[in-house]
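Scroll down for the structure; my scribbles are underneath it.
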Amino acid sequence: MDGGELRRFEEACEWLARGDNARKHEAEAVLLDFRKRAGAVDGATAIVGSSQHVFVQFQAALVLRHAALDQWSALSPQERVQLRRTVLHMVVERCNDFHRTVRKQLLQALAVMWKRGWLEDQNDPALVQAKNELFEQIRSLLASGGAGGEASSGHPSSPQALSSRHAVALQLLGALVEEFSSSKASELGLSLAFHRECHESFERAGLKEAFMMAAALLRGLAAGINPTTRTMQAGPDTEEVVRSSLSLLESCLAWDFQCGDAGSQANRTFQVESALARGREHVSLRGTASIKPGAGWRDVLLQGGLLETLFRLYAASRGASAGHAGAGEDIAHQIRQLFIMLASVNGAVFADTAQRAKYLDTMLQGSLFGVIADPLVPIEAAAGLSQTFVSTAAGSKEALCAAGGAEFLDMCALFARLMSNFSVNDILSAEMSGVFPRMLGALSQLSKSILEGAARNAAGPAAESGMPSGAGPRTHDEDDDVDNSWLMEAFGSLLEVWGVFTTWAEALGARATSSEDPPSALETEAHRIVCGAAGDLYQFYLEKRLVMARASMEREAFETFEEEFAEDESALDDHLLSISSLGRADVVRSMMANISALQRLSADLMASASQPWSEESSMRCSQVAEQLFWVVLLASGLLADPADGERPMIPACIIASSMQFCAQASGAGPMTRQTASEDPCVKLSQGLLQLLQFEAERVRGSNGEDERISPLLSSKLLAAVTRWSMTYLLPERGLYGKSTRIQDGLPASIDLCFAQPAQAEELISFLVECATHYVSNWGTETSVNPEALNLLRAVVDNSACRRMLQQMSSWGTLCEAHVRSVRDANWKPLDGLTVRGQGTLLQVLLMSLEVGQEAPTARREHLQGLFAQLVEPVQQRLDSLASRLVSDAQRVGKENVGSVLSDPHFLQDLERVMNMYVGAVQAASFGPLAGWCRDFVLGALSSRWAQVGAAALTFIKRDGLGAAVSGSARRVISEVLELIEAYMELQLESTPTTQLAPAFEAADRILQVFAEFQRHLASHPGQFKTGEEDAWCRDVLRLMRLIRHITFRDQLDFSENPVNLAQAQGPQPVQVVIKGVQLVFPLVTDDLLQFPGIAEEFFNVLRNLVDAYPSEFATLSREMFNPILKALEFGMSDHRVSVSRNSFEALTCLAEFHVEQAAQGGPGLGANLRPNGPGTPSVLLQLLQKVFNFIVFQTFDSSLLNPAANAMFALIASEQESFGPMVEGIIASQEDPAMRERLSRAFTGLVQNNDVQLRFDRINRRRFQKNVVDFVNQVRGFMRKK
């Protein structure tokens, strides 16, 4: 290379380094041109060695890496060997001269070169020698620190003797491991099969050696640590060598082990094909729980003292970090993360239970009984509670506290990982049985300390007044800035640990009731310890949670974890589920703790609320309400499980505790309600109900105007009682019989208080009254009333409760309130409900009218009358409002036009009543009365509602009415769309097609209205400025659902004669659908498809459209047809499985239609088949190529393989003449003759194996699906390039 070329290279690098945008493209072109030159490898090597500029060296190393790959095939075996030797020699000899980024890039280039040539002729002595030489050179560097075996002064295990060459050797191993790993391989332009073979080859010969080299070096360093001071004399390069060693160990453990356990699933990158073959779910590329290297790693992981070495090094690194944040803490954090990975080791690496127990014991001795027992700083300091500990470095307390917090946090994560990987039985094994009580005690103490820290941090200075004992004020420096957010994160990890223990205890308790496999004495004692410790921790948690809750109302700047829960309701649910599992381990004790807190705080709330309003009483009510909020949540989680779509059962532990209570109370005589009320379960339940009664009465008495009433407490209290009622109120006795897991039936106390008809009727009436108080008097609280309505729905959903409701005065009062609120617009008790709430309320009221099929005629007629009483006022009111709107729209050119929509009360009333009608439509779908109710509801709904939409559009189009009127009219159109969509869904369920003309006419007219609305918006783009995006999405979604209802009904309807349908008056279903498609599909932009609901509905409609009306779809205009095909192509590769599946099914229908039409001499897709003219590729051939690319090259959920195979099958049948040339082109694209032959055989098997015939029947589709699985397994690996 001459000097001019070097200057040109350096000049280009200078432009890039200084961010010269004007010369950026020119600079990139210079570097790319240099890379493509024949002498690029030698030139780049020379520049790295001669340049004095770091950025130039870095770019030259990057060019070297890519140029070596580009020109690899042109290099002779000897030149490849020499190139690797040259680069290694340069890195080693000049390791101190190169910047670390340049050195890293050179090592990555060297690793890439090694991988590129790794699978070359295995019998070539030169290659074998080169591989052996590589590891010998690395061993030599690690043994002496010299290059090529040159000795350096000092012993390699002496920290002072460590040099940067040791670091280079370790970093080279790290680069090799990273490059050969499955998840971080470079782009070599080679098949995945090549990467897989390299991966498995390096695992067999290289990976373990790399791990052993790093472990041996660390073992030598650990041997030199002073056992008294826990320190070692470090040299200038010690830190880099230790960090490089630890990074190498981490990379090795993160390996996707293919040659270890058969079930290894560390990353599973190369197991996608086999998963497809087995029809399993898509394999995630993320790491899973366990690391299973296999028995071959037993000597390295179990017998070499690895854990002991790392714990000694950790103690030394902690000492190095004392007093400052820096290298020592970085190394300490690395070691802790390595411990977490080592806690994941499992599988055949353990020869027997004894080895598992010893490994677990070593982990616990070093962490729980080592690090936690002797922490870097006391937990009070790490939590920021006190800084009264000794520190030799000025200004170091903050750094020490941060390091201590990080240590506690990582240790808790380690315990969680250990307990999810090992089992309680491992701890109870003979080798570790003595550890169990100590472990539970230490974990309990740690958990309490963390909770204590969180509580006292939350309380802060406020703890000085009224703080419960044991939570006194903390010592806090004014300048302290300790981050204590780690506390509850660490507690969350410990909850995972406790979850393992409580789950084990629950399973053991179930075993104890069976005589088949009774627990041993050791297990029984362990069960007692676990339950006692868990119950104790639950009670402690409750106490500290109340401290934090009170403090949250006393401190202006309160930052703790419940604020995170406010943003993520699911996180709160998960947390409460974990806490509940603690409480249920000792359920009686936990319920008594909740009862005590509930009684005390309820009394406090009642006393404070009874006082005249003042700032003091308001603050006191807020404090108590915040505490009660948590008591309600905890009590609810203890008493009942979430519904999750079905009625939950009473927890077995509560059944057992109540049974025990009843057995103890039986000596005093027959069970009475008074005696039963002493059952902790009943007592806690009654406490919640009494609190609900008090809060509901406060709402009723103040009409919701008392600002001391907490909406948050009310909403959670209603949700808790809803959950309770679904579990305890009139429970199904059959679930608690001898054939179920709960063999002794309902306890007498629960049965007497909640399951007897008389008591249940009282409770149902009480719940209805409470919910009515909320919806009647506090309607403006949008967070509360949905919960009140959910409580009513829960009662109605219980068939036993439903039969009682119709006889209750409280339910009748609620029905009367609904009717009056509809008829009298000035009557306000239910007017505060949201428009959605009004519809939900009517739906709940109507659903309560369901009766059994065996009900006598008189009973059924009575209920029909009640149904009419509830719905007729809505129909009449809605008709009246609609008439006013339509009439006003017809007053063209007169004064006060648009006055109804300028009246906010009219619009609110219209929306409210329309939502009620939607509720009525939805309720009419249920129960034996559904047929009559459906006719009653639908009979009143005619083309009137399309007229309403047209009237609203008139106001939008008329100038001069103002934005308020236009906005109101826009909302009316949305409400009409929702009503028509709900109406069509109900109407199409069972009405004969020949009687659906009014429904199709209504749908057709609303589509016309919306089409005109869309044209108006196009010509007046500024009429609706902001806040319309959500409304627009909802409207588009409703229109697509409307179309789907029609197509789905038309697909399934085989009851009518097509001739009779064609003669029916009014628009035909297919006409309505095509009109809808032409209207809606152009509105579905790429941005709208990012919304999951819209995307799924859009492709669902597409699938149904092509399936139900293929001939009409085929004759769509090219302007409509082509975008839909593009959408199907987009949908195939979408990350949402349902979207992809619908796309493939639509393609299948389309291709099958074309084939069947062609066989009958029909046009098939006609002009849309070849949109670019005769002689050009058909759209079906293009789609076939895309489906082939999807199957072979993309990573996808395995459930999509069969839909994709069906699409390919139909497309091959439609393009038989073009399929052969397409296959020939694919085969010819392979450079390797062996691969071409292999691919040719695979294609032959695809269309011939299993005697598959190109006929669209179930048998041949299944045969072709099997052929596709075989095809994918044969070609996917070598055709996918990386």
Practice task
Would you check if Ala748 is surrounded by 15 or more Cβ atoms within 10 Å (Cβ to Cβ) and within 30 Å of Glu615 (Cα to Cα)?
Solution key: no
Exercise for the section: Answer yes or no as to whether Gln1071 is modelled with pLDDT of 80 or more, open to solvent by 70 Å² or more (accessible area, probe 1.4 Å) and more than 31 Å from the chain's Cα centre (by Cα). Expected result: yes
Problem - Residue identified as part of a helix (DSSP H, G or I) and either in contact with a Phe, Trp or Tyr (Cβ under 9 Å, 6 or more places away or on another chain) or of a type outside the set (S, T, N, Q) (or both) among Phe1209, Phe1196 - result: Phe1209
Problem - Residues of segment 620-658 that turn out to be in a helix (DSSP H, G or I) and either over 20 Å from Leu730 (Cβ atoms) or among the basic types (Lys, Arg) (or both), as a count - result: 21
Practice task
Please work out if Glu209 is open to solvent by 50 Å² or more (accessible area, probe 1.4 Å) and not aliphatic (A, V, I, L, M).
Solution key: yes
Problem - Count of residues meeting criterion [at pLDDT 90 or above, assigned to a loop (DSSP other than H, G, I, E, B) and within 16 Å of Leu360 (Cα to Cα)] in segment 287-310 - result: 3
Practice task
Please work out which residue is nearest to the chain's Cα centre (by Cα), limiting yourself to segment 1108-1158 and to residues that are among the small types (Gly, Ala, Ser) and open to solvent by less than 20 Å² (accessible area, probe 1.4 Å).
Solution key: Ser1140
Handout entry: Condition check for Leu752: touching a residue at least 40 places away in the same chain (Cβ under 8 Å), in contact with a Lys or Arg (Cβ under 9 Å, 6 or more places away or on another chain) and under 28 Å from Ala652 (Cβ atoms)
Key = yes
Problem - Matching option when the condition is among the aliphatic types (A, V, I, L, M) and more than 37 Å from the chain's Cα centre (by Cα), among Ala1242, Ala1204 - result: Ala1242
Handout entry: Contacts under 9 angstrom Cβ, first residue in segment 520-543 being buried (at least 21 other Cβ atoms within 10 Å of the Cβ) and modelled with pLDDT of 95 or more, partner among the β-branched types (Val, Ile, Thr) and not in a helix (DSSP H, G or I), 6 or more apart
Key = none
Practice task
Hey, can you tell me all the residues within segment 667-690 that are in a helix (DSSP H, G or I) and among the small types (Gly, Ala, Ser)?
Solution key: Gly667, Ala668, Ala676, Ser685, Gly687
Fill in the blank from the handout: Counted residues in segment 402-435 being of a type in the set (Val, Ile, Thr) and open to solvent by 10 Å² or more (accessible area, probe 1.4 Å) come to 1
Practice task
Residues being of a type outside the set (S, T, N, Q) and outside any helix (DSSP H, G or I): count how many of those fall in segment 691-707.
Solution key: 4
Completion exercise
Of the candidates Ala430, Ala462, the one satisfying the condition of being assigned to a helix (DSSP H, G or I) and modelled with pLDDT under 90 is Ala462
Practice task
Consider Ala950 carefully, then state whether it is at pLDDT 70 or above and open to solvent by less than 10 Å² (accessible area, probe 1.4 Å).
Solution key: no
Exercise for the section: Considering every residue within segment 774-796, establish whether at least one is at pLDDT 90 or above, in contact with a His (Cβ under 9 Å, 6 or more places away or on another chain), closer than 20 Å to Gly687 by Cα and of a type outside the set (Lys, Arg). Expected result: yes
Problem - Out of Gln890, Gln864, sole residue that is touching a Leu at 6+ places or on another chain (Cβ under 8 Å), polar (S, T, N, Q) and either open to solvent by 20 Å² or more (accessible area, probe 1.4 Å) or at pLDDT below 80 (or both) - result: Gln864
Handout entry: Hits in segment 1172-1183 - residues which are in contact with a Leu (Cβ under 9 Å, 6 or more places away or on another chain) and in a loop (DSSP other than H, G, I, E, B)
Key = Ser1178
Handout entry: Exclusive hit being part of a helix (DSSP H, G or I) and either in contact (Cβ under 8 Å) with a residue 24 or more places away in the chain or open to solvent by 10 Å² or more (accessible area, probe 1.4 Å) (or both), set Glu781, Glu761
Key = Glu761
Problem - Hey, Phe1190 assigned to a helix (DSSP H, G or I), more than 17 Å from Arg1103 (Cα to Cα) and among the aromatic types (Phe, Trp, Tyr) or not - result: yes
Completion exercise
Residues of segment 1079-1092 being outside any loop (DSSP other than H, G, I, E, B), open to solvent by 40 Å² or more (accessible area, probe 1.4 Å) and over 21 Å from Ser1117 (Cβ atoms), in sequence order, are Gln1090, Pro1092
Exercise for the section: Would you mind stating whether Ser1214 is surrounded by 16 or more Cβ atoms within 10 Å (Cβ to Cβ), of a type in the set (Ser, Thr, Tyr) and at pLDDT below 90? Expected result: no
Problem - From Asn1206, Asn1168, residue being in contact with a Leu (Cβ under 8 Å, 6 or more places away or on another chain) and closer than 21 Å to Val1101 by Cβ - result: Asn1168
Handout entry: Residue in segment 991-998 that is more than 28 Å from Gln1068 (Cβ to Cβ) and modelled with pLDDT under 70 present
Key = no
Fill in the blank from the handout: Picked from segment 797-832 (must be of a type in the set (S, T, N, Q) and open to solvent by less than 30 Å² (accessible area, probe 1.4 Å)), the residue modelled with the lowest pLDDT is Ser821
Completion exercise
The condition of being open to solvent by 10 Å² or more (accessible area, probe 1.4 Å) and more than 35 Å from the chain's Cα centre (by Cα) holds, among Gly669, Gly645, only for Gly669
Handout entry: For Leu1239: the one exception among (1) free of Cβ contacts under 8 Å to residues at least 12 places away in the same chain; (2) open to solvent by less than 60 Å² (accessible area, probe 1.4 Å); (3) not small (Gly, Ala, Ser)
Key = (1)
Fill in the blank from the handout: Scanning segment 605-619 for residues that are in a helix (DSSP H, G or I) and among the polar types (S, T, N, Q) gives Ser608, Ser617, Ser618
Problem - Which numbered condition Cys259 fails, given (1) modelled with pLDDT of 70 or more; (2) more than 25 Å from Gly370 (Cβ to Cβ); (3) outside any helix (DSSP H, G or I) - result: (1)
Handout entry: Cβ pairs under 7 Å, 6+ apart, first in segment 1-16 and modelled with pLDDT of 85 or more, second of a type outside the set (Ser, Thr, Tyr) and loosely packed, with under 14 Cβ neighbours inside 10 Å
Key = Trp15/Lys24; Leu16/Lys24
Exercise for the section: Could you look through segment 107-139, keep only residues that are touching a helix residue (DSSP H, G or I) at 6+ places or on another chain (Cβ under 9 Å) and of a type in the set (D, E, K, R), and pick out the one that is modelled with the lowest pLDDT? Expected result: Asp121
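The values are calculated or read from the model by the stated rules, or taken from the named source; none is laboratory data. Not measured: the values here are computed from a predicted model. Cβ: placed from backbone, ideal geometry, glycine included. Neighbour counts: every protein chain shown. Ligands, DNA and RNA are stripped out before the accessible areas are found, and what is left, the full protein with its side chains, is counted by its heavy atoms. Shrake-Rupley method; radii C 1.70, N 1.55, O 1.52, S 1.80 Å.
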